[in-house]
Amino acid sequence: MWFNFKLSKEDENDADLTLLAPISGTAIPIEDVPDVVFSEKIVGDGIAIKPTSNKVVAPCDCVVESIFKTKHALILKTIPYDLLLFIHIGIDTVDLGSNEIFSPVVKEGDIIKAGESIMDFNLELLQKRLKSTISPILISANSLPNLISLEKMTERCTHGSTPIMKIRIKNNNENAKEDQPQR
């Protein structure tokens, strides 16, 4: 099921970006995440996924901007448009402080294509140690002013193939740079 949110006026020069599911599972509304930082959209807007697999892939062509010290979260920058995406595995995972659960297969600065693997994690161990494995997939609050509309999907999804968000982006010179990093 798709939900559409109009954020500002559209223009014929605006651009579209589709994000694929980075994790297999069931997509749920961000408002249903059992953590107010995510459900109240403090750090951004998007969806969350109840994972059924232990693999994270790139939701679009992007650059790895940051991998958190505890490896439970990543920030990606879309190519093009420079939107910041935040992928956070589980709720309260930062409290685990354990590197045995998360295994990034990329490093900061890597340029990756949609569907390419970026991280593996131990889902079984997370299910035992966390109150929730729900994993938010967000467009950073800093990137939201560049959006015109955001369509969110909530249903079963497969990493690397199921569209989970469709974004309409204001097309201005700062968002659509021609000198994007090359692979």
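The values are calculated or read from the model by the stated rules, or taken from the named source; none is laboratory data. The structure displayed is predicted, hence computed values, not measured ones. As a convention, Cβ positions derive from the backbone with ideal geometry for all residues, glycine included, and neighbour counts pool all protein chains shown.
Values as computed for the structure displayed
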| item | result |
| --- | --- |
| Test: L125 is touching a residue at least 24 places away in the same chain (Cβ under 8 Å), more than 15 Å from I23 (Cα to Cα) and not polar (S, T, N, Q) | yes |
| All positions within the range 80-114 that are in a loop (DSSP other than H, G, I, E, B), of a type in the set (V, I, T) and modelled with pLDDT under 95 | I101 |
| Residue, surrounded by the fewest Cβ atoms within 10 Å (Cβ to Cβ), within the range 37-52, restricted to residues that are without any contact (Cβ under 8 Å) to a residue 12 or more places away in the chain and of a type outside the set (S, T, Y) | E40 |
| M119, sole failed condition from (1) surrounded by 19 or more Cβ atoms within 10 Å (Cβ to Cβ); (2) outside any strand (DSSP E or B) | (2) |
| Leading residue by the ranking (nearest to S132 (Cα to Cα)) among those in the range 5-31 that are modelled with pLDDT under 75 and among the acidic types (D, E) | E10 |
| Odd one out for S117 among (1) within 15 Å of the chain's Cα centre (by Cα); (2) at pLDDT 90 or above; (3) closer than 25 Å to D32 by Cα; (4) not acidic (D, E) | (3) |
| Residues of the range 130-145 that turn out to be part of a helix (DSSP H, G or I) and either small (G, A, S) or surrounded by fewer than 16 Cβ atoms within 10 Å (Cβ to Cβ) (or both), as a count | 1 |
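For every residue, the table says whether it meets (1) among the polar types (S, T, N, Q); (2) touching a residue at least 12 places away in the same chain (Cβ under 8 Å); (3) buried (at least 23 other Cβ atoms within 10 Å of the Cβ); (4) in contact with a Ser or Thr (Cβ under 6 Å, 6 or more places away or on another chain).
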position: I30; (1), (2), (3), (4): no, yes, no, no
position: D35; (1), (2), (3), (4): no, yes, no, no
position: N54; (1), (2), (3), (4): yes, yes, no, no
position: K69; (1), (2), (3), (4): no, no, no, no
position: L74; (1), (2), (3), (4): no, yes, yes, no
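Residue-by-condition table, conditions (1) in contact with a strand residue (DSSP E or B) (Cβ under 9 Å, 6 or more places away or on another chain); (2) part of a loop (DSSP other than H, G, I, E, B):
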{"site": "K41", "(1), (2)": "yes, yes"}
{"site": "G46", "(1), (2)": "yes, no"}
{"site": "I49", "(1), (2)": "yes, no"}
{"site": "S53", "(1), (2)": "yes, yes"}
{"site": "C60", "(1), (2)": "yes, yes"}
{"site": "V63", "(1), (2)": "yes, no"}
{"site": "S66", "(1), (2)": "yes, no"}
{"site": "K69", "(1), (2)": "no, yes"}
